[in-house]
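Trainee: Got a structure for you, questions after.
The values are calculated or read from the model by the stated rules, or taken from the named source; none is laboratory data. Predicted, not measured: the structure shown is a model, and the values here were computed from it. With ideal geometry, Cβ positions are generated from the backbone for all residues, glycine too; neighbour counts draw on all protein chains shown. Side chains included, ligands, DNA and RNA excluded: accessible areas come from the protein's heavy atoms. Shrake-Rupley method; radii C 1.70, N 1.55, O 1.52, S 1.80 Å.
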Amino acid sequence: MNIVMPSLGASVSEGKIVQWFKAVGDEVAAGEPLLEVESDKTSLEIEAPASGTLSEIRVAEDDIAPVGEIICILAGADEQPAETVEAPAPPPASPTAEPPSTEDVPGDPAPPPVRGRSQISPRARKLAAEKGIDLTQLADTGAPVTGADILAKSNAVPAADVSLMYADTPHQRHTISSMRGTIARRLTEAKQTIPHFYMSAEIDLGPLEQLRNELRSKVGECPTVTAFAIKALAEALRAVPEANVVWAGDSILQFERADIAVAVALDDGLLTPVIRDAGGKTPSSISAELKDLATRARQGRLQPADYEGGVASISNLGMHGVGRFQAIINPPQALILALGASERRPREADDGSVQFVSQMTVTLSADHRVVDGVTGANLLAAFGTRLQAPDGLL
Amino acid sequence: MAQLTYREAVARGIAQEMARDEDVVLLGEDVAKAGGVFKATDGILERFGPRRALDTPISEQAILGSAMGAAMTGLKPIAEIMFGDFVAVCYDFIANEFGKTRYMTDGQVKCPLVVRMANGGGVAFGAQHSQSVENWCMQFPGLKVVAPSSPADVVGLLAAAVRDPDPVIFLEHKGLYGTRGEVPDGEIVDTLGTAKILRPGTDCTLIAVGMMVPRSLAAAEQLKADFGIDAEVIDLRSLMPLDTRTLLASVGRTHRVFTVEENPRVLGWGAEIVSIIADEAFFDLDGPPVRITAPHVPISTPPHLEALVIPSVERIVEAVRQSLAA
């Protein structure tokens, strides 16, 4: 009986002999391991399909043979494997398949099932490419692979895994709202695809606090710190125009005005409405517009025109007592400025004494594809200078 | 709302348009005194008189030639070719004249006519009286081709065909003349070039015209009951223009498509549809598009042999089941 190199899976055309468990002249019982073969995808032991004597080894250890080539001959073995012979070797192929050329072979063995191109649907191929699923890793059920198989693999499996992990932990299950889904998708994409870098600066808030107190006593109301920060960032982008840019895939867009988005927290997520041409507006008009946008955002009445575009965002968690934090860029923008809380901090004065001043730490996150370190530093400095001389912003 | 047979709906549609517009006339073999060999024009002569309902000699060329002349000089004729098969006798008008007139005269001469034909098989009339000739007509730019499957669609699409400024081939199905359906009261005018989803489904799309529509609907019910396969059934209604938007959207939902055609396999309308789907929705497909057609043979005369040629409910079920299981 001729033993041939078995099929080692679809698209595998040859196999390597790892080890012969038997030598020429050895008696071999049916089902006994005969040799081990491997391909670049798998390795498997091949069992003797019938009892007999190993009369010839044609392919030595470490040598490679094409699938279907005779690798050894088992003398005295029944040409028809007896009923007691275990099915040799694991699927998909039978290693005992004899080449059709040998004399008295009754008929060609059926070809092993091979998952060819035609058995993966065009839709499945497209979805697999989109979702980064390796088609060779799909279990071979024998049925054609459809789009539904790919969707099941890409969606259901990880979610099921997480749920399984917490099956014994008491919990509630919330469905994902469309806003939460959008936040998850966009920020994952931002963090994965935008090369962020971060830089922080301390900003003296004394002059701004003084100005706001004056305004409050004179006018009765005054713009918020966020409104001043928006105005200062817009002015800084005008002074450092190389930072007033976004990455557009095949080009860089440099803007002639600064549209600044502001993160507005909602009960179940956040939105980032945009103040258009913030540099051309006063802090008080920005403050009023911001109030209107935030109100409408919380009522769910924002239109896409209210939150699309923008070059930079501002996120202020200072009122929640956060000292400093790093924010994720809101694509397709290139910058986001994170404002921390106003804190009283000790500082050495010119005469060597220690004074306490109001300071805020701001942290800039920048897209390094379009903004380099020095540009970011210049922008941060320009922002600080303006916010520390707030009279110029009015 | 009234229950009408398909043949009564033809007469109602013709009457609706003749009553509306004095320029609409009817001509053909036995359409007037006899009320049509399929009784589809019963009562037209009595109601509109011999000047507007004309029996013609047995000459298909004369029928279409005079219809074309009438159309070019201001009338809106409805001409009947008794059996669709006979259109071969007067094919020059179909292939070379009707659809090209407006184009070749730069719009100075129009050809607003309708040619009604009894199309298809299922009534054991033999190889020369049972053919489905959709693809004999739909290949010529300038011609529109309509093939309704229900009485209500007959009235509405016939009205739309008469009112269309271009020549329209109107294929009535012989095997459906006796079928009944609800037809709304009052004037009905449909839109050419629109397909209808008659049964929504999620697993595959069956696209059919004429007698293959009720068979596809029956097959869909059987597929659901016996195999849990939920098939969407689309009645094309109009082969030219073709409502590709509805077809492609359906394929985008079901990812599998079957055409159900009464015509022989080679160059049937389904080949054109499959080609469009391959061009525009290839990556929506979860399996090869399948054409369920008559084999490429002349249609047999004995009913039991004819039934083997024309796709049956059982054949449709089996083709869909096998293809989805593969």
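Trainee: Need the C-alpha centroid separation for the range B:277-292 versus the range A:179-248, integer Å.
Mentor: Measuring centre to centre over Cα atoms gives 52 Å.
Trainee: Loop only by DSSP, 15 or fewer other Cβ within 10 Å of the Cβ. Give me the GluC sites (Glu not before Pro) in the range A:24-77 that pass, ordered by residue number.
Mentor: A:Glu61, A:Glu69
Trainee: Provide the FRET efficiency to the nearest 0.05 for the A:Ile252-B:Ser323 pair, computing r from the beta carbons and using R0 = 51 Å.
Mentor: With a Förster radius of 51 Å, E is 0.50.
Trainee: Another question about this same structure. For the range A:252-352, which trypsin sites (Lys or Arg not before Pro) are both in a DSSP coil and crowded by at most 10 other Cβ atoms within 10 Å?
Mentor: A:Arg301
Trainee: Taking 0.36 nm per residue of sequence separation and subtracting the Cα-Cα distance, how much length would be gained by fully extending the chain between A:Met319 and A:Gln192, in nm to one decimal?
Mentor: Residue separation times 0.36 nm, minus the Cα-Cα distance, leaves 42.8 nm.
Trainee: Same structure again: Just need log10 I(q)/I(0) for the range B:2-183 at q = 0.09, 0.14, 0.15 Å⁻¹, Debye formula, equal scatterers on the alpha-carbon atoms, no solvent, rounded to two decimals.
Mentor: Treating every Cα as an identical point scatterer, log10 I(q)/I(0) equals -0.27, -0.68, -0.79.
Trainee: Now for a different question. Taking the radius of gyration and the Kirkwood hydrodynamic radius from Cα positions alone, what is the Rg/Rh ratio for the range A:178-238, to two decimal places?
Mentor: 1.18
Trainee: Let me ask another. Just to be sure I understand the curve: with the Debye formula and one point per C-alpha of the protein assembly as shown, what is log10 I(q)/I(0) at q = 0.07, 0.09, 0.11 Å⁻¹?
Mentor: -0.84, -0.94, -1.05
Trainee: If you don't mind, there's one more thing I want to ask. Under a 10 Å cutoff between Cα atoms, tell me which one of B:Lys110, B:Lys224, B:Lys174 has the largest fluctuation in the Gaussian network model of chain B.
Mentor: For chain B, modelled as a Gaussian network with Cα springs under 10 Å, the answer is B:Lys224.
Trainee: Still on this structure, please answer the following. Can you pick out the pairs among A:Lys191/A:Lys231; B:Lys76/B:Lys100; A:Lys131/A:Lys191; B:Lys144/B:Lys174; A:Lys126/A:Lys153; B:Lys196/B:Lys224 whose Cα atoms lie more than 25 Å from each other?
Mentor: Where the Cα-Cα span goes over 25 Å, the pairs concerned are A:Lys191/A:Lys231.
Trainee: Still on this structure: Relative to the present Cα-Cα distance, how much length would full extension add between A:Ala23 and A:Arg216 at 0.36 nm per residue of separation?
Mentor: The span from A:Ala23 to A:Arg216 would gain 59.6 nm if fully extended.
Trainee: Enter the mean number of other protein chain beta carbons within 10 Å of the beta carbon of each residue in B:56-65, as an integer.
Mentor: Across the residues of B:56-65, the mean count of other-chain Cβ atoms within 10 Å is 0.
Trainee: How far apart, in nanometres, would the label points at B:Leu248 and A:Ala148 be if each is projected 7 angstrom from Cα along the Cα-to-Cβ direction?
Mentor: About 2.5 nm separates the two model spin labels.
Trainee: While we're looking at this one, here's another question. Summing both sides, how much accessible area is buried between B and A? Use a 1.4 Å probe and give Å² to the nearest 100.
Mentor: When B and A are taken together, about 700 Å² of accessible area is lost.
Trainee: Continuing with this model, one more query. Quantify how strongly other chains surround peptide A:122-134 by giving the mean number of their Cβ atoms within 10 Å of each of its Cβ atoms.
Mentor: 3
Trainee: Now for a different question. Could you give me D for the range A:152-294, from Stokes-Einstein at 10 °C and 1.306 mPa s, where the hydrodynamic radius is the Kirkwood radius over C-alpha pairs? Units µm² s⁻¹, please.
Mentor: 83
Trainee: Calculated FRET efficiency, B:Val297 and A:Ser55, Cβ-Cβ r, R0 56 Å, to nearest 0.05?
Mentor: The computed FRET efficiency comes out at 0.45.
Trainee: If you filter the range B:25-75 for GluC sites (Glu not before Pro), then keep DSSP loop positions with at most 13 other Cβ within 10 Å, what is left?
Mentor: none
Trainee: Give the carbon-plus-sulfur fraction of the accessible surface of the protein assembly as shown in %, rounded to a whole number; probe 1.4 Å, heavy atoms of protein chains only.
Mentor: 54
Trainee: Still on this structure: Assuming a ≥ b ≥ c are the square roots of the Cα gyration tensor eigenvalues, decide whether the range B:196-325 counts as rounded (a/c under 1.5), prolate (otherwise, with a/b larger than b/c) or oblate.
Mentor: Because a/c hits 1.5 or more and a/b fails to exceed b/c, the range B:196-325 counts as oblate.
Trainee: In addition: Using a 10 Å cut-off around each Cβ of peptide B:277-286, what is the average number of partner chain Cβ atoms that fall inside?
Mentor: 4
Trainee: With springs connecting C-alpha atoms under 10 Å apart, model chain A as a Gaussian network and identify which of A:Ser251, A:Ser342, A:Ser43 has the largest mean-square fluctuation.
Mentor: A:Ser43
Trainee: From the mean inverse distance of alpha carbon pairs (Kirkwood) and the Cα radius of gyration, derive Rg over Rh for the range A:246-394.
Mentor: On the Cα set of the range A:246-394, Rg over Rh gives 1.00.
Trainee: Can you give me the accessible area per residue for chain A, using a 1.4 Å probe, in Å²?
Mentor: 54
Trainee: Okay, next question. Leaving ligands, DNA and RNA out of it, rank A:Tyr198, A:Tyr166 by accessible area with a 1.4 Å probe, largest first.
Mentor: From most exposed to least exposed: A:Tyr166, A:Tyr198.
Trainee: With axes computed from alpha carbons, what is the tilt in degrees of helix B:313-325 against the longest principal axis of chain B, rounded to the nearest 10 within 0 to 90?
Mentor: That works out to roughly 40 degrees.
Trainee: Further, regarding this structure: Leaving ligands, DNA and RNA out of it, rank A:Phe197, A:Phe356, B:Phe98 by accessible area with a 1.4 Å probe, largest first.
Mentor: In descending accessible area the options line up as A:Phe356, A:Phe197, B:Phe98.
Trainee: Testing the spin-label approximation: label points 7 Å from Cα along Cα→Cβ at A:Arg296 and B:Gln108. State their distance in nm.
Mentor: The answer from the label model is 5.9 nm.
Trainee: Report the calculated FRET efficiency for A:Ala377 and A:Tyr166 (r = Cβ-Cβ distance, R0 = 60 Å), to the nearest 0.05.
Mentor: 0.85
Trainee: Right, here's the next one. Using label points projected 7 Å from each Cα along Cα→Cβ, tell me how many nm separate A:Asp140 and A:Val354, to one decimal.
Mentor: In this crude spin-label approximation the distance works out to 7.5 nm.
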